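Nothing in this text is a laboratory measurement; each read-out follows from the coordinates by a stated rule. Every value quoted in this text rests on a predicted model; they were computed, and no experiment measured them. For neighbour counting, all protein chains shown are included, and Cβ atoms are generated from backbone atoms with ideal geometry for every residue, glycine included.
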Amino acid sequence: MPFIRGPAAVIRDAGPRDARAIARIHVGAWHDAYAGIVPDGYLQRLSAARFTRRWLGSLTATPGGTLVATAPGGRVVGWVAMGRSRDQDVAEAGEVYAIYLRAEQWGRGVGRALLAAAERRLAGDGHRLASLWVLEANHRARCFYARVGYVPDGRRESLRLGGKELCELRYRKPLR
């Protein structure tokens, strides 16, 4: 049953039947958003089939942790995953683990609606704060998060993808 209906999308809980669509968006969004940031070789090795298996397991094991946005006709066009923060220093926080859309949906309000739905879910679960991690070099995403009220909190982590050292920044936003 949808719980948010807008002009651009319906947002609902994801289920195992959505695993393939989520995986395709996941891989496609990495190619679209991280080209020039993450090494091409790493991006080329991403597999929608492998991601589908992973998502099927995750959606089966953790119902309610992922929301999808569907366009008119029911096609999944984006998703967001969230839950308890993985960071020990923000125990009161919920975390937006990831949010991805088909590139043609960028700038149409679908990402904003998905993120707002995730924030409502986190607040409903008792979290007073939402956090998320974003690649420092992903300026488009950082601007989006700033527009919807997230601010960097000074925490930085480095990670290695495809032999390249990258930096992630943590952003936070009060809920309620």
For the chain, shape from the Cα gyration tensor axes a ≥ b ≥ c, cut at a/c of 1.5 then a/b versus b/c, turns out rounded
Computed about the Cα centre, the charge dipole of the chain from +1 Lys/Arg and -1 Asp/Glu charges at the Cβ has a magnitude in debye, to the nearest 20, of 400 debye
Percent relative contact order for the chain, counting Cα pairs under 8 Å at least six residues apart, stands at 20 percent
Largest fluctuation, 161, 101, 43 only, Gaussian network model of the chain with Cα springs under 10 angstrom, belongs to 161
Plugging the Cβ-Cβ distance of residue 53 and residue 143 into 1/(1 + (r/R0)^6) at R0 = 30 Å yields, to the nearest 0.05, a FRET efficiency of 0.35
Here, chymotrypsin sites (Phe, Trp or Tyr not before Pro) of the stretch 144-176 satisfying both criteria (DSSP loop; at most 12 other Cβ within 10 Å) are none
